[in-house]
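The values are calculated or read from the model by the stated rules, or taken from the named source; none is laboratory data. Remember, it's a predicted structure, so these values are computed and weren't measured experimentally. Cβ coordinates were reconstructed from backbone atoms using ideal geometry, including for glycine residues, and neighbour counts include every protein chain displayed. These area figures cover heavy atoms from the full protein model, side chains too; ligands, DNA and RNA do not enter into them. Shrake-Rupley method; radii C 1.70, N 1.55, O 1.52, S 1.80 Å.
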Amino acid sequence: MQFESSSAGKAIAGLRIVGYGILVLCVFDLVDLLYPFQVFNSDWEFNTVGNLVERVGFPLIGFGLIFLGEETSRHKVERFALKPLSWALLIYAIAYLLLVPLTVSSGWRIYNQNNAKLVNQLAQQRDRTKAAQEQLGKLSDEQVKALVQRSAIGSVENLNVPQFRKQQLEGVEAQAQQVEAQLKATVAQQTQNLVKKGTKWALGAAVAGVAFLYLWSLSSWAREKKIKARPLAMSR
């Protein structure tokens with residue numbers, strides 16, 4: 001019936017408008033994500049890839065709604081926009097496929113930076129521990145007693161200075177080992193999170209790239225020289 005045909009046409013047109021709206025919002029979001037552009041910043045690159053992959057559903061839905069119904073009930077102005085939008089799908093596909101090696105590259109650089117930072121922190125911690133041990137070892141018995149008396153950590157009467165010095169040195173060493181263990185545990189957790197996110201985002205980017213490529217293939221009709229204004233088929 002003509003009424004059913006008209007209703008279906010309006011429904012498809014409405015969905016296409018929603019698709020255009022989603023794409024416009026995606027452009028705003030893309031500008032916000034990429035500006036300011038911080039190339040060679042590993043953290044920015046890695047997190048930006050994550051944001052792009054996490055939000056890839058929106059442009060996929062937008063393009064899908066726009067190309068819904070192929071040539072059916074298209075306005076003349078709209079038909080001119082379909083060809084560049086179809087090629088935009090290929091650009092999206094290539095961009096997301098390129099995000100896969102970018103994810104691996106930026107993740108690897110972050111991993112190396114975290115390890116270098118750990119090595120530096122451990123070296124500084126060992127230097128501080130060594131300096132504290134050397135300073136404590138140079139103190140005379142009288143200086144140790146004066147230190148104990150000032151710090152009110154115990155009585156200087158019957159104080160076994162060699163035993164006290166040994167306990168303090170062991171305490172400094174134990175504290176240093178605890179700090180080192182905490183630093184290593186922190187870096188290990190960071191590495192685990194890095195691998196988890198990197199794997200998720202790299203696979204997501206690959207899937208998104210293939211999905212965009214498939215949509216580009218399906219929209220081959222939009223890249224033809226001339227798109228015919230096909231009316232919605234009438235139901236009998």
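The magnitude of the dipole of the range 35-165, with charges of +1 and -1 set on the Cβ of Lys/Arg and Asp/Glu and taken from the Cα centre, is near 140 debye. Taking Cα atoms, how many degrees apart are the long axis of helix 42-54 and the longest axis of the chain, rounded to 10 and kept between 0 and 90? Roughly 40 degrees, rounded to the nearest 10. Within the range 183-225, whose backbone N sits under 19 Å from a point 7 Å along Cα→Cβ of LEU34? Taking a point 7 Å out along Cα→Cβ of LEU34, the residues of the range 183-225 whose backbone N falls under 19 Å are 205-206, 208-210, 212-213. Taking 0.36 nm per residue of sequence separation and removing the Cα-Cα distance, the HIS75/VAL24 pair yields an extension gain of 16.5 nm. For the chain, the relative contact order comes to 41 percent (Cα pairs under 8 Å, sequence separation of at least 6). A Förster radius of 22 Å combined with the Cβ-Cβ distance from LEU183 to ASN112 puts the calculated FRET efficiency at roughly 0.85. Accessible area per residue for the range 65-170 is 65 Å², calculated with a 1.4 Å probe on protein heavy atoms, without ligands, DNA or RNA. Taking only the alpha carbons of the range 88-192, we obtain Rg and Dmax values of 24.8, 85 Å in that order. Here LYS83 is the anchor, and the aspartates and glutamates within straight C-alpha reach of less than 15 Å, apart from those fewer than 8 places off in the same chain, are GLU70, GLU71, GLU224.
In the elastic network of the chain, a GNM with C-alpha springs shorter than 10 Å, the most mobile of VAL195, VAL161, VAL210 is VAL161.
Taking 0.36 nm per residue of sequence separation and removing the Cα-Cα distance, the GLN124/ARG165 pair yields an extension gain of 12.4 nm.
Between SER86, SER140, SER219, the Gaussian network model of the chain with springs among Cα atoms under 10 angstrom shows the greatest mean-square fluctuation at SER140. Every Cα-Cα pair of the chain was included, and the share exceeding 32 Å stands at 52 percent. Highest mobility in the GNM of the chain, judged by mean-square fluctuation with C-alpha springs under 10 Å and restricted to GLY209, GLY69, GLY50, is found for GLY69.
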